[in-house]
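The values are calculated or read from the model by the stated rules, or taken from the named source; none is laboratory data. The structure displayed is predicted, hence computed values, not measured ones. Glycine gets a Cβ as well: all are built from the backbone with ideal geometry, and neighbour counts include every protein chain shown. What goes into the accessible areas is simple: the full protein's heavy atoms, side chains included, and nothing from ligands, DNA or RNA. Shrake-Rupley method; radii C 1.70, N 1.55, O 1.52, S 1.80 Å.
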Amino acid sequence: MKKNLEIIVVCIAVGFLMGQFMFHQYKKDENPSTIPTMQTTETLYFLQQGVYSNLDNMKQNLTDFEYYTYTEKDGKYYVYVAIIKSKENLEKLKGFFNQKGYDIYVKEIAVTSNAFLEVLNQYEQLLSGTNDEKTIQAACTQILAKYEELVVND
């Protein structure tokens, strides 16, 4: 019995060390010309609140929004208040923001982040099953936060 236990412990230790070795072989390469493998690209719907010419004006006009994200391109700030994948949830979110009095524009943007797409799929299921405004707002906030964490800051 003691001999079998020793063999099991040694096997687990060797497996752990081999796993660590394999994991460290796939560290992220700093070379920007490398192409990641097994990445899925999906086109998502970004709900755009507006475009602003300066950052201060943008922040001043967005005080009603609990959370948003923006991109800067050619001196313009594009503000997004939600990201979604399915057309059904897109219509639900457009209605949610229109009901609050906001004009929302839809942009299609390709995203290549498996981790973010997995998180988005979970929130898609949550949004499909609810009409509660607080739940919708919380889901939009969490999706945008995960987008910044997993896509923008990656």
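Checking each residue of segment 127-150 against the condition of being closer than 19 Å to residue 42 by Cα, among the aliphatic types (A, V, I, L, M), open to solvent by 60 Å² or more (accessible area, probe 1.4 Å) and at pLDDT 90 or above gives no match. Taking segment 39-132 and the helices (runs of 4 or more DSSP H) fully enclosed by it, the elements with 2 or more residues that are in contact with a helix residue (DSSP H, G or I) (Cβ under 6 Å, 6 or more places away or on another chain) are at 87-99, 114-128. Quick one: would you say residue 82 is among the small types (Gly, Ala, Ser) and either in contact with a Pro (Cβ under 9 Å, 6 or more places away or on another chain) or open to solvent by less than 20 Å² (accessible area, probe 1.4 Å) (or both)? Here the answer is yes, as residue 82 does meet what is asked. Scanning segment 39-70 for residues that are of a type in the set (S, T, N, Q) and under 17 Å from residue 140 (Cα atoms), we see that the one that is most open to solvent (accessible area, probe 1.4 Å) is 63. For segment 4-26, filtered to residues that are at pLDDT below 75 and open to solvent by 100 Å² or more (accessible area, probe 1.4 Å), the residue that is farthest from the chain's Cα centre (by Cα) is 17.
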